[in-house]
Amino acid sequence: MTASAATKKKVESLRSRIRNHNYQYHVLDEPEVPDAEYDRLVRELQDLEKEHPELITADSPTQRVGAEPIKAFGTIRHIIPMLSLENAFSEDELNDFHRRVTERLEIEIDAGLKYAAEPKLDGVAVSLLYEKGQLVRGATRGDGTTGEDITHNVRTIDAVPLKLLDKGYPSTLEVRGEVFMPREGFIAYNQQALQKGEKTFVNPRNAAAGSLRQLDPRLTAERPLDIYVYSVGLTIGGALPDCHSEILDRLQEWGLKICPDRKVVSGIKGCLEFYADIGRRRDSLRYDIDGVVYKVNRLDYQKELGFVSRAPRWATAHKFPAQEEITIVRDIEFQVGRTGALTPVARLEPVFVGGVTVSNATLHNMDELQRKDVRIGDTVVVRRAGDVIPEVVKIIPERRPKGLRIVKVPAKCPVCHSAVVREKGEAAARCTGGLICAAQRAEALKHFVSRRALDVNGLGSKLIEQLVAIDRIKTPADLYRLDRDELAGMDRMGEKSAENLLAAIEQSKDTTLARFLYGLGIREVGEATASSIAAHYGKLTRIMEADEQGLQTVSDVGPVVASRIHSFFAEKHNQEVIKSLIDSGLTWKETKPSPNTADGPLSGKTFVLTGMLSSMTRDEAKEKIQAAGGKVTGTVSKKTDYVVYGDKAGSKLTKAQNLGIETIDDASFQKILSDQ
Ligand code: IVH
């Protein structure tokens, strides 16, 4: 049956509505309708297209996925070459760039030349070609002149419009941008891959590149890819604004997705402020970057400046220190943690990465070590991002010398020589020495005095290790029996520091039940669990007397955790340490048991805290939420119920607003708490 004019009209109107919703959702991050309504429109269009296949067009929003796998990528030529950028690795190099630009333009160096500043996205450069508003080709950069035809794959990326929105675009419009995998999607993808026993990606950039290079577009479609467009290539028929930032604004109006974290800045000062600001926010951005890009904003200036070899004179990339470097594994040692878990640590040929010199990197656990198959003598990629502990990402197999031996778990603890066991289903191998093991004792003590536990200021790792080594401290209770003279006699201590430390130890006695419980270092009992248990029972003796079944009535406590807690308190030695701690004067306010925080006023609610609250620290806010049965997490997602924000709130607040999550300011938050 051929379609009637009315059906054709209906199909077009559905397509146009769906395109608009796609734009609202993917480009503007402001969905207009609930998912269900959107799905209904798509379904309706699909049904009509099924009935009238002759109406299907390549730019229909239903046609993203479905193309058949191809045998090989075709090649395409970029009529206007895709250039690269010159790099500035330091402030001096940036100054040189700015000086060259202003000299060539014959303007004063401090005349406040405007630059369009943008994050330098760490993904894969692509070119998208629109003819009469329809996406006709997607290509990789390749060598800048010849790239690969990846049309089928870019079509599967939801944020790539198959048809531009109708607002006066040039009849031929080629745009360039970066396809990337957002961090959240990368983590989720890898978790799934691990569960399915499939290969994981080492970083979001490799994930994006690997996903785009699939011959089967259905595989690409399953990957959470995204795009930010950052420039224009070929245009025919149609005028564009005369500065870069406004071109990007225009592209956004046509439906293309532009990075929201861009800014027009003035002169070197503006560039450096932007660099510092993005650097501070780097870890909380939703995408990976490796620096920022400054582009002379005026197009007439760009034209005047021109190009040298393959890079424009009017732009430069100001790079952050590399987060990944290559080095050699000199040794692999095992560190013993608080619970006896052995962590393999690679001792490295020192290497400058992420802004510091790194000579040790974690290999996490035996599973990871085996999966990555790291051996002594291997050349490896080391990563240090933000304040995260440096880690070995992967080995470089081509650089492996012959005859390297597989690293095995030691049979005996490297510290106390007790047997090492690896329980079934556990990634960690453990020392069975318990409190005989000096390493476990020292780590347990470090945990006990840490900021979120008893918070003893000034008792550093080195001092703890010394005190444990000479057997002066065997349990946390011994901490409260140290005297001034013996402390003053320790390495790198004097009378003044001994006195300060004693004062801090004294101060730590006044604590909370939740902190105390967390500080005991019971396996599987993290801060949140400790808070829930403390709030539930209100009193230590009740917790110590609780049986496993009773413990499981606390929210978040399952059979494993309940059994860990129960056996911890059943242990005579632990009872003695607790008694001794209380005898030394540790106190906290006991509260009435709140029969179940699962029934607490905030139970089932997930909070994210961002910025500085004026009324309390974030830790205090967290404790209060948990005491009322709520949960506090670090990242905003669809599962978040409320985002509490204070001064200098970061990207979490923006994200919450974009996702339509309720945001609460300091005052309203206090009101919620006092209403409980
Ligand atoms: S503009 C002529 N802007 O960096 C200017 N590039 O080293 C060409 N990149 O291949 C690029 N973020 O893949 C530009 N905001 C940004 C960018 C960016 C990342 C990449 C791009 C390019 C490479 C150049």
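The values are calculated or read from the model by the stated rules, or taken from the named source; none is laboratory data. Quantities reported herein were computed from a predicted structural model and do not represent experimental measurements. Note: ideal-geometry Cβ built from the backbone for every residue, glycine included; neighbour counts use all protein chains shown. What goes into the accessible areas is simple: the full protein's heavy atoms, side chains included, and nothing from ligands, DNA or RNA. Shrake-Rupley method; radii C 1.70, N 1.55, O 1.52, S 1.80 Å.
Things worth noting here:
- If you take the alpha carbon atoms of the chain and fit the smallest convex hull around them, that volume is 214 Å³ per residue.
- Between region 388-425 and region 110-180, the Cα center-to-center distance that results, in Å: 45
- The fraction of accessible area contributed by carbon and sulfur in region 74-124 is 47 percent, rounded to a whole number (1.4 Å probe; ligands and nucleic acids excluded).
- For LYS412, the aspartates and glutamates whose Cα falls under 13 Å of its own Cα, not counting residues fewer than eight places away in the same chain, are GLU333.
- Cβ-derived FRET efficiency at R0 25 Å, THR591 paired with ASP455, nearest 0.05: 0.80
- Near ASN153: Cβ cut-off under 11 Å, other residues only, Lys/Arg at +1 and Asp/Glu at -1. The net charge is +2.
- FRET efficiency estimate (nearest 0.05) - Cβ-Cβ, ALA188 to GLU44, R0 22 angstrom: 0.15
- With a Förster radius of 60 Å applied to the beta-carbon distance between GLU548 and ASP665, the computed FRET efficiency rounds to 0.90.
- Per residue value of the accessible surface for the chain (all protein chains in place, 1.4 Å probe), Å²: 50
- Gyration tensor verdict on region 355-428 (Cα atoms; rounded if a/c is under 1.5, prolate if a/b is larger than b/c, oblate otherwise): oblate
- Each principal axis of the Cα cloud of region 369-490 was taken in turn, and the coordinate range along them, longest first, works out to 57, 36, 29 Å.
- Rg over Rh, two decimals, region 269-395 (C-alpha only, Kirkwood Rh): 1.15
- Residue separation of ARG618 and ASP331 scaled by 0.36 nm, minus their Cα-Cα distance, works out to 99.3 nm of gained length.
- Solution diffusion estimate, µm²/s, Stokes-Einstein, region 586-670, Kirkwood Rh from C-alpha pairs, 10 °C, viscosity 1.306 mPa s: 118
- The smallest convex shape that holds all Cα atoms of region 144-232, its convex hull, gives 119 Å³ per residue.
- Close amide-amide hydrogen proximity is noted between CYS259 and VAL229, each under 5 Å apart and 5 or more residues distant or on a separate chain (H modeled in the peptide plane; Pro and chain starts excluded).
- Cα-Cα pairs of region 255-300 separated by more than 14 Å (percent): 54
- The share of Cα pairs per 10 Å bin across region 1-146, counted from zero up to the longest distance, runs 8, 23, 24, 21, 13, 8, 2, 0 percent.
- Each 5 Å bin, from zero up to the one with the longest distance, holds this percent of the alpha carbon pairs of region 200-287: 3, 10, 15, 16, 17, 17, 13, 7, 2, 0.
- For the chain, excluding the exposed loop sites themselves (trypsin sites (Lys or Arg not before Pro), DSSP loop, at most 12 other Cβ atoms within 10 Å), the longest remaining stretch covers 200-401.
- Between region 262-329 and region 502-536, the alpha-carbon center distance in angstrom: 45
- A cut-off under 11 angstrom between Cβ atoms defines the neighbours of ARG104, and their net charge, with Lys, Arg +1 and Asp, Glu -1, is 0.
- Stokes-Einstein D in µm²/s, Kirkwood radius over Cα pairs - region 524-676 at 25 °C with 0.890 mPa s viscosity: 146
- Environment charge of ARG250, counting only residues whose C-beta is closer than 12 Å and scoring Lys/Arg +1, Asp/Glu -1: -3
- Partner aspartates and glutamates for LYS372 [C-alpha distance under 15 Å; skip if fewer than 8 residues away on the same chain]: GLU198, GLU391, GLU398
- Relative to the current alpha-carbon distance between ASP96 and GLU571, full extension at 0.36 nm per residue lengthens the span by 164.2 nm.
- Each label point was placed 7 Å from the Cα along the Cα-to-Cβ direction; for ASP283 and THR145 their separation is 4.5 nm.
- Here each label is just a point 7 Å from Cα along the line to Cβ, and for THR432 and ALA276 those points are 5.7 nm apart.
- Modelled label positions at LYS408 and SER497, each set 7 Å beyond Cα in the direction of Cβ, lie 4.3 nm from each other.
- Listed pairs LYS114/LYS269; LYS114/LYS257; LYS631/LYS652; LYS50/LYS132; LYS446/LYS474; LYS199/LYS655 exceeding 20 Å between Cα atoms: LYS114/LYS257; LYS50/LYS132; LYS199/LYS655
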